[in-house]
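A short reminder: the numbers here are calculations on the coordinates, not readings from a lab. All of these numbers come straight from a predicted model, not from anything done at the bench. Methodologically, a virtual Cβ is constructed for each residue, glycine included, from the backbone with ideal geometry; neighbour enumeration extends over all protein chains shown.
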Ligand SMILES: [Fe+2]
C-alpha cells in the first residue's frame, strides 16, 4: 500500500527540539512544581515523539540454527512440554531492554521442540500466532477442533481466540520435532488487550476431520452458504508444496523483481486480505548470484531461511544465513540481500496491522 501523502521527502523545517535544549533555571523550577501533579511538560519530551523519520531501539541480528539446536535438544532434559506449556527458546532482540523480549517491539519469534508422545496443553489467547514447521515427522497442531499435521515449510496460522494444542505422535525413538513460532505479543501488550486462558484438559476435543478447513476454503471456492465477515479466518494450513508451487509458477512467467525476486503473500482465501489479523507473511525465491536493490519500510521484518544461503546487509551490519536461520531487519533500515545459493525466504512483520492503521510506508532505493 503506497502512502496517501509523501512523508518520505521532508521539507526544510525548523528544529522542533530547539526549545527543549538547555532548560533555564526558571523552566527547571517549573518542571519541579508540576511533577507532583503527575504532569509532564510536552516540550520536555518532544525529542521522543518528534523524530523526522521512524526510530527503533531494535538492532539487526541473526540467530544461527546450528548454534541453537544443541540448546533446544538440551531443553528436553530440563523441562517437559506440559510443564513449560510451550517449550521454546525466544529470540530476543539485543537492542531491547527491560521487560521487552520480542524480536521486534511488536512481534516475537521462537524455536519450539517436542518429543514423541508429548502434548503441549490446550490454551487460547488474543494474540495472533503462526507456526512455520522446520524438521521432524509426526507433529500436529490442533486448532478449534481440527488436527493439522505439519511438514517442512508448512505455515499454520493461529487466529486469535481459538483453542489449540500441539502433539508429537511419533513412536518411541522418533526424533524430536522443531518448528518456528511467532506471536504479536508486543503489539497486544501495547494495546493492553491480552487475554490468555488454559483449557481444563491437556487436549481440546478434536471434532472435525483432518483437512476440513483447507478442504472447504483452500480450493478457490467456499461453501455456498458462507458469507464473509470482517476478521473472519477460516483456513489455517498453508502447505509448503502449494506455496512453493505458486512461487515456481510466478517465476515461470514473470520477470525477476529487483527488490524481491519472486514473492508471494499469504492471504485469507475468503477475502484476499492478509492471512492474519496483525501480521503479514510472505515467501520469496531469490536466484543464485542476485543482489537485491536497497529497500526499507516501517515494518521491522523477520526472515526465516527455508532454502539456500547468502547474506543480508542492514546499514553497516552484515548477517550471514543458511537454512533454518532467522534474521531481523528493524524498522526503516536500508537493507539488501546477496544470494550465494538459490534461496527461499519466509518473512513476517506487523505490516498487516500497520496497513489497517494507516501507518505503513516503504521506500525503494537505487543500486
Ligand atoms: Fe498459543
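Share of Cα-Cα pairs in segment 203-355 beyond 24 Å, in percent?
Value for segment 203-355: 40 percent of Cα pairs lie more than 24 Å apart.
How big is D, in µm² s⁻¹, for segment 124-190 by Stokes-Einstein at 37 °C and 0.692 mPa s if Rh is the Kirkwood radius over C-alpha pairs?
260
How much of the DSSP beta bridge set in segment 61-217 is antiparallel, as a percent to the nearest 5?
95
To the nearest 10 degrees, how steeply does helix 25-34 sit against the main Cα axis of the chain, on a 0 to 90 scale?
So the inclination is approximately 50 degrees.
Viscosity 0.890 mPa s, temperature 25 °C: what is the translational diffusion coefficient of segment 61-217 from Stokes-Einstein with a Kirkwood Rh over Cα pairs, rounded to a whole number of µm²/s?
The Stokes-Einstein estimate is 151 µm²/s.
Hey, how many Å between the Cα centroid of segment 201-254 and the Cα centroid of segment 118-183?
Using only Cα atoms, the two centres lie 16 Å from each other.
Residue 309 to residue 252: FRET efficiency via 1/(1 + (r/R0)^6), r the Cβ-Cβ distance, R0 22 Å, to the nearest 0.05?
E between residue 309 and residue 252, to the nearest 0.05, is 0.40.
Listing 234, 87, 152 from the residue with the fewest other Cβ atoms within 10 Å to the one with the most, what is the order?
If I rank by nearby Cβ atoms, fewest first, I get 152, 234, 87.
Give the peptides 271-280, 61-70 in descending order of average Cβ contacts within 10 Å, highest first.
271-280, 61-70
Order the peptides 325-336, 90-101 from the highest to the lowest mean number of other Cβ atoms within 10 Å of their residues.
325-336, 90-101
Once you treat every alpha carbon in segment 21-98 as an equal point and sum by Debye, what is log10 I(q)/I(0) at q = 0.12, 0.24 Å⁻¹?
Normalising to I(0) and taking log10 leaves -0.66, -1.16.
How many nm is it between the label spots at residue 59 and residue 212, if each spot is 7 Å from the Cα in line with the beta carbon?
4.9
Once you treat every alpha carbon in the chain as an equal point and sum by Debye, what is log10 I(q)/I(0) at q = 0.09, 0.10, 0.12, 0.13 Å⁻¹?
For the chain at q = 0.09, 0.10, 0.12, 0.13 Å⁻¹, log10 I(q)/I(0) is -0.57, -0.69, -0.96, -1.10.
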